[in-house]
Amino acid sequence: MEQTPTRRRSRSASSGGRRQQPQPRRAAPKKRKRRSIGWTLYGILVVISAIIVGVYAAGHFFIKAPPIEGTEGDISTAPAVDDGSQEPEDPNALIRKEGVYNFLLLGKDVDSSNTDTLIVVSYDTVNQKIGMVSIPRDTAVTREWSSMPKINAAFHSKKAGPDVLKQEIKTTFGIPIDYYVHVDLQGFIALVDELGGVDIEVPLDMNYDDPYQDLHIHLNAGMQHLNGQQTMQAVRYRHDNEDSPNYKANQWYSDVQRGEFQRQVLIELAKKVISWNSIPKVTSFLELFNTYVKTDLSMQDMLYFATKAMEVDVSTAIQQGNLEGRGEGVVNGYKYCFVYKAEDILPTINALINPYTRDLRADDLNLPVPEYYWNGGVID
């Protein structure tokens, strides 16, 4: 009789043991674990978001404007005198404008040869204005390291280079060059193709063949959609072959007109680049830039100018012009030098590419004077 309760208690204890481990109690730890994982993921997302916001803010608010180099002789503030007053500013001082930088864009004709394209670009980052002026490739410059006076010989010379070329431009025209950007032919072709070609008005029928350079140019006048190869041909064209029926008729197309056409091509390309809003496209552009471009711009400098350039209204912000001169000057015995008179080029320089607070004058320039003009012209 006494065993029965024992059995009952045993069954009750056994059954109670099973009831002490119900499913809800087993699920409770799992619920707490899922919640922990959820909050961890949420925290990671918050951190990632904070990093993205921080990078964005750094890109827009902490990218500093690069310092303007080569201004050690400039006066930016008037010196104080003993009585605490200030001396008046020297009216002849060359003081750089705030946020105005000059760039030299360079393109070469064939590998390991002279620069075929030289364009000075002045970028006013404060007022978002851009000035562009071409320098003809045969421009005579002041030079000490060689008797050869033409500017296009400087960039690839063993005795010169980009820094010497920048100094020659400053000495000759009074214009400081802060940075240079040099693009080779293959890079130019690749860039135009990456942008999907360019729509441009070809100014004349172009027919020229040079088997030595493997250069063959055959383009019709008028509005054209050109791919990279065709655009390269168009910007390099100078004249037809001498046996071409249009050789004499096309002689009006000189380095000056070619410079105008080259600048117009660059403007059309700039419109496309600035209109990009796709990360893959920007990435592909940077890959092309790293492959084909030589420059003294740092990555931080490029990031700053790229950020500022996105604010430019290309349709209204760009002004361009030519340096008016004569292409038949003889300097140091070399014919076909492009020479200038100060009064002819100063208005263009001061309006478009002068980064100083005062206008440049004739005594700020150092223009080579030709011995004579090869076609018998008189030096006046």
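How would you rank 201, 268, going from fewest to most other Cβ atoms within 10 Å of each one's own Cβ? Walk me through the numbers on the way to the answer.
Numbers: 201 11, 268 18.
Ranked by crowding around the Cβ, least crowded first: 201, 268.
Roughly how many debye, to the nearest 20, is the charge dipole of the stretch 114-166 about its Cα centre, given +1 on each Lys and Arg Cβ, -1 on each Asp and Glu Cβ, and no other charges?
With only Lys, Arg, Asp and Glu charged at Cβ, the dipole is about 120 debye.
Once you charge only the Cβ atoms, +1 for Lys and Arg and -1 for Asp and Glu, what is the size of the charge dipole of the stretch 100-324 about its Cα centre, to the nearest 20 debye?
About 560 debye.
Select from 247, 217, 267 the residue farthest towards the positive end of the dipole of the stretch 100-324; place +1 on Cβ of Lys and Arg, -1 on Cβ of Asp and Glu, and compute about the Cα centre.
267
Determine ³J(HN,Hα), in whole Hz, for all residues of the stretch 256-270 in sequence, where each value follows from phi through the Karplus function 6.51 cos²θ - 1.76 cosθ + 1.60 and θ = phi - 60°; x replaces Gly and Pro.
Calculated HN-Hα couplings, in order: 5, 5, 5, x, 4, 5, 4, 5, 5, 4, 4, 5, 5, 5, 4 Hz.
Please list the non-local residues whose amide H lies under 5 Å from the amide H of residue 328, H modeled 1.01 Å from N, same-chain partners needing a gap of 5 or more.
HN-HN under 5 Å from residue 328: 339.
Sorting 182, 225, 156 on the 10 Å Cβ count, fewest up front, what's the list? Before the final figure, lay out each step's value.
Numbers: 182 21, 225 11, 156 17.
In increasing order of surrounding Cβ atoms, one gets 225, 156, 182.
How high is the relative contact order of the stretch 100-324, given as a whole-number percent (alpha carbon pairs under 8 Å, six or more residues apart)?
About 22 percent, as a whole number.
Residue by residue through the stretch 341-351, what is 3J(HN,Hα) from phi via Karplus (6.51 cos²θ - 1.76 cosθ + 1.60, θ = phi - 60°)? Round to whole Hz and write x for glycine and proline.
After applying 6.51 cos²θ - 1.76 cosθ + 1.60, I find 10, 4, 5, 7, 10, 4, x, 5, 4, 5, 6 Hz.
In what sequence do 97, 272 fall when counting other Cβ within 10 Å, fewest first?
97, 272
Could you go through the stretch 183-188 in sequence order and give the Karplus-derived ³J(HN,Hα) for each residue, using 6.51 cos²θ - 1.76 cosθ + 1.60 with θ = phi - 60°, rounded to whole Hz, and x for Gly and Pro?
Couplings: 10, 8, 4, 5, x, 5 Hz.
Given H placed on each backbone N at 1.01 Å, which residues far from residue 358 in sequence or on other chains put an amide H within less than 5 Å of it?
Amide H to amide H, under 5 Å and 5 or more residues apart or across chains, residue 358 pairs with 95.
Search the structure for amide H atoms under 5 Å from the amide H of residue 139, placed 1.01 Å from N in the peptide plane, and list their residues when 5 or more places away or on another chain.
Residues meeting the amide H criterion: 151, 152, 338.
Any idea what Rg and Dmax come out to for the stretch 100-324 if you just take the C-alpha atoms, in Å?
17.5, 52
Values quoted throughout were computed directly from the atomic coordinates according to the rules given, and no laboratory measurement underlies them. On a predicted model such as this, the values are computed, not experimentally measured, just so you know. When we count neighbours, we look across all protein chains shown, and the Cβ atoms used for this are built from the backbone with ideal geometry, even at glycine.
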